[in-house]
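Just below is one structure, and these are the notes that go with it.
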Amino acid sequence: MITPKRCLTRPCVNLIPDCLLEIFSYLKYDRKTLFSCIRVNRLWCRLAIPILWSSPFKYYSQSYTYKIINTYITCLNIQDKVILKNLGLKNCLINMKSLFYYPRFLESFVIDNYTLGLKKWVKENFQNENLLRAQQIVDNMMMDLIFNDNCSLKKFKYVNYIEISRIDFL
């Protein structure tokens, strides 16, 4: 006879990482579920994060893109962070260190969404009058971070919906 205590416990099923990766690959466009997966345990987090961060600039939303740029800024080296602080960065991102090196996971990059997000991010995070110079410096740092270090980029999209040159933003 089964005791009530045994009925309440479920057997622990451990899937090998290859099986989990296969399952997560079907969830690539279901970001909400992937966000839930990263909270299960460390293994699931390590496997789901690269999928979540493979195309962070695919969609534009001011708050979402702002958070992505914040996260990428935490991946900058300490010298770049000091330069940003000296330029007048208000944010305390200088002392933060990211859990993962997120630029390594980037596979698809939509430069229009990135540029719109960067412009808003600089406007809200710098307290000096020379925002254009700050934006150029941050953009150069971000481009170095994204394209020079461990670049796994497979798709680069430049649509220019707003019919304004990228130079006008920078």
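The values are calculated or read from the model by the stated rules, or taken from the named source; none is laboratory data. These numbers come from a predicted model, not from an experiment. Surface areas here come from the heavy atoms of the whole protein model, side chains and all, with no ligands, DNA or RNA. Shrake-Rupley method; radii C 1.70, N 1.55, O 1.52, S 1.80 Å.
Quick one: which residues, 5+ away or cross-chain, put their amide H under 5 Å from the amide H of Phe126? H built at 1.01 Å from N.
Distant-sequence amide H within range of Phe126: Lys90.
Accessible area of the range 10-104 with a 1.4 Å probe: how many percent of it is carbon plus sulfur? Show your work: numbers first, answer last.
Values: 3570 of 6170 Å².
It is 58 percent, rounded to a whole number.
Kindly flag which residue pairs out of Lys58/Lys97; Lys81/Lys120; Lys67/Lys123; Lys28/Lys123 have an alpha-carbon separation exceeding 22 Å in this structure. List each step's numbers first, then the result.
Details: Lys58/Lys97 24 Å; Lys81/Lys120 19 Å; Lys67/Lys123 14 Å; Lys28/Lys123 32 Å.
From Lys58/Lys97; Lys81/Lys120; Lys67/Lys123; Lys28/Lys123, over 22 Å: Lys58/Lys97; Lys28/Lys123.
Ordered by residue, what ³J(HN,Hα) values in Hz, to whole numbers, does the range 80-92 give under the Karplus form 6.51 cos²θ - 1.76 cosθ + 1.60, where θ = phi - 60° and Gly and Pro are x?
5, 5, 5, 4, 5, 5, 5, 6, x, 4, 7, 6, 8
Show Thr71, Thr115 ordered by accessible area, largest first, where the area counts protein heavy atoms only and the probe is 1.4 Å. List each step's numbers first, then the result.
Numbers: Thr71 35, Thr115 5 Å².
My answer, sorted largest first, is Thr71, Thr115.
Quick one: Karplus J couplings for the range 35-52, per residue in order, coefficients 6.51, -1.76, 1.60, θ = phi - 60°, nearest Hz, x for Gly and Pro?
Here the 3J(HN,Hα) series is 4, 5, 4, 5, 9, 6, 6, 5, 4, 4, 4, 4, 8, 8, 4, x, 6, 4 Hz.
Can you list the residues, at least 5 places off or on another chain, whose amide H is less than 5 Å from the amide H of Phe109, using H built in the peptide plane?
It is Lys155, Phe156, Lys157, by chain and number.
Once you compute Rg and the Kirkwood Rh from C-alpha atoms, what is the Rg to Rh ratio for the range 14-111? Intermediate values should be presented prior to the final figure.
Details: Rg = 15.3 Å, Rh = 14.9 Å.
Using Cα coordinates only, the ratio equals 1.03.
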